[in-house]
Amino acid sequence: MVTEIHFSVHVPREIYDEMVAHVLAGYPNEACGALGSQGELVVKNYPTDNAAEQPDDFSIISDTDIVRIYNDIDKYDGDMIYYHSHPQSEAYPSARDIDWAKRSGYLYIIFSLQYQPKPPYARVFKIDAAGSVTEGVIAIDE
Ligand SMILES: [Zn+2]
């Protein structure tokens with residue numbers, strides 16, 4: 001269950017719009033990518049291919065892409081945020097998402113496209129090693 005809101009992620013409007021375009025382009029499959037952040041501020045977007053075997057059901061960034069992204073984020077001592085889309089369901093981590101997230105420790109931003117043609121919307125979650133989910137706030141900086 002979602003407990004309380006006590007963290008936020010600031011996404012520049014330009015990057016947020018790129019993420020929306022990326023998840024729309026992936027529809028009806030899940031789309032995924034990573035963000036590099038410094039503190040609460042997102043500074044870079046890394047849209048990737050979805051390497052999952054069933055991309056309509058799950059999303060995975062390939063090892064090759066992950067290594068490339070990590071190396072780049074290291075250059076500015078940033079942190080990685082993972083983002084992906086749920087084409088048909090709520091922007092909330094699935095059981096499988098939680099299982100992956102609790103090992104990775106990344107923040108998770110999830111877009112839902114369930115109300116198309118209305119625009120996708122996003123939520124952000126922190127998932128701890130025990131699998132408990134905390135929701136934060138996404139602030140879009142104009
Ligand atoms: Zn998911």
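Here are the numbers:
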| item | result |
| --- | --- |
| Value at 222 nm in deg cm²/dmol, rounded to 500, when DSSP H runs of n ≥ 4 in the chain each add -39,500 (n - 2.57) | -8000 deg cm²/dmol |
| Order of Phe58, Phe7, Phe111 - criterion: other Cβ atoms within 10 Å of each residue's Cβ, fewest first | Phe7, Phe58, Phe111 |
| Relative contact order of the stretch 2-141, defined on C-alpha pairs under 8 angstrom at six or more residues apart (%) | 29 percent |
| Sequence of Ile15, Ile61, Ile140 once ranked by neighbouring C-beta atoms within 10 Å, starting from the fewest | Ile140, Ile15, Ile61 |
| 16 Å Cα-Cα reach of Lys44 towards aspartates and glutamates, excluding residues that sit fewer than 8 places from it in its own chain | Glu14, Asp17, Glu18, Asp65, Asp72, Asp74, Asp77, Asp79, Asp141, Glu142 |
| Length gained when the stretch Ser94-Thr64 is fully extended (0.36 nm per residue, less Cα-Cα span) | 8.3 nm |
| Under-5 Å amide H pairs with Val43, H placed in peptide plane, nonlocal only | Gly36, Ser37, Gln38 |
| Ranked list, fewest to most other Cβ atoms within 10 Å of each Cβ, for Tyr27, Tyr83 | Tyr27, Tyr83 |
| Mean-position separation - Cα centroids, the stretch 112-134 and the stretch 55-75, in angstrom | 19 Å |
| Equivalent ellipsoid, the stretch 2-141 (semi-axes from 5 times Cα gyration tensor eigenvalues, Å) | 19, 17, 17 |
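Computed from the coordinates by the stated procedures, all read-outs in this text should not be read as laboratory data. Everything numeric in this text was worked out from a predicted model, so none of it was measured. Every residue, glycine among them, receives a Cβ derived from its backbone with ideal geometry; neighbour counts consider all protein chains shown.
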